[in-house]
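**Q** Starting off with a structure, shown below.
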Amino acid sequence: MAVLMLLLITQVSESRTGEGKNASLFIAFPAHEARYIKIVQTGTDSHWWSVAEIAVYTADQTPWTPGEQDELLPTELDRTSWTAKASTSEDVSALLDDNLNSRWTSASGQQADQWIQIDLGSIQNFSRLTMDSGSSTNDYARSFTIVTSTDGEQWNSVSEAVGTDSLISVTFTNQKARYVKIALTTDNAEWWWSIAELKLYH
């Protein structure tokens, strides 16, 4: 019988550890709001790790189903009127095309001051940004800043963040802006900077 050590991580950076000793695992933790749950195996074993079903339950053991509390989840902004430009001549529209198989890329190793800029078409409210490098799993921004503007000239510093995975999610205070600019702050010659999809959320 395989014994697996598991680490459970939610979007709000809360974590729980557990040890699997049979085919059905139940991990309990204090109730909290989150959209994403990530389970990371921390132990080793000669057997494969297989998952047939995953279920998430509320505090009263009722299975949660999408739609019941959708108002608690971030709402994605409509991107149809967005335009983008970048510090390279690569196809920057690829990061807005709803296709994880296409991408904008820096076409060279990451360098401080490489940037992308999004024009939302109008002033909008948002408090979360995601960048997904898709299948280019190592091409995520290692360190970057996010600034916003209502007119494209005066900029407001929003966040300084680091990337640790191909899907980067940054939450910040609510912004009311038309333009969003992301600029790298460190060099990383080994990996390019690629974005398959960029999204904003209320």
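**Q** For the ranges 134-146, 35-47, what's the packing order if you count other beta-carbon atoms within 10 Å of each residue, average per peptide, and put the highest first?
**A** 134-146, 35-47
**Q** Could you tell me the calculated FRET efficiency between D151 and T185, based on Cβ-Cβ distance and R0 = 22 angstrom, to the nearest 0.05? Mind dumping the intermediate values first?
**A** Details: r = 24 Å, r/R0 = 1.09.
Using R0 = 22 Å, I get an efficiency of 0.40.
**Q** Rank-order 154-164, 111-121 by packing density, defined as the average count of other C-beta atoms within 10 Å over each peptide's residues, highest first.
**A** Result, highest mean first: 111-121, 154-164.
**Q** Can you pull the one-decimal nm distance between simple spin-label points at D119 and S93, each 7 Å off the Cα toward Cβ?
**A** 1.4 nm
**Q** Starting from the Cα-Cα distance between K38 and S81, subtract it from 0.36 nm times their residue separation and give me the gain in nm to one decimal.
**A** Result: 12.2 nm gained on full extension.
**Q** From the mean inverse distance of alpha carbon pairs (Kirkwood) and the Cα radius of gyration, derive Rg over Rh for the stretch 69-177. Write down the numbers at each step before the final one.
**A** Details: Rg = 14.0 Å, Rh = 15.0 Å.
Answer for the stretch 69-177: 0.93.
**Q** Sticking with this one: Given a Förster radius of 30 Å and the C-beta distance between Q111 and A55 as r, what FRET efficiency does 1/(1 + (r/R0)^6) yield to the nearest 0.05? Walk me through the intermediate numbers first.
**A** Working: r = 45 Å, r/R0 = 1.50.
Here the calculated transfer efficiency is 0.10.
Laboratory data are not the source of any read-out in this text; all were calculated from the coordinates shown. Treat the numbers as computed from the prediction; the structure is a model and nothing was measured. As a convention, Cβ positions derive from the backbone with ideal geometry for all residues, glycine included, and neighbour counts pool all protein chains shown.
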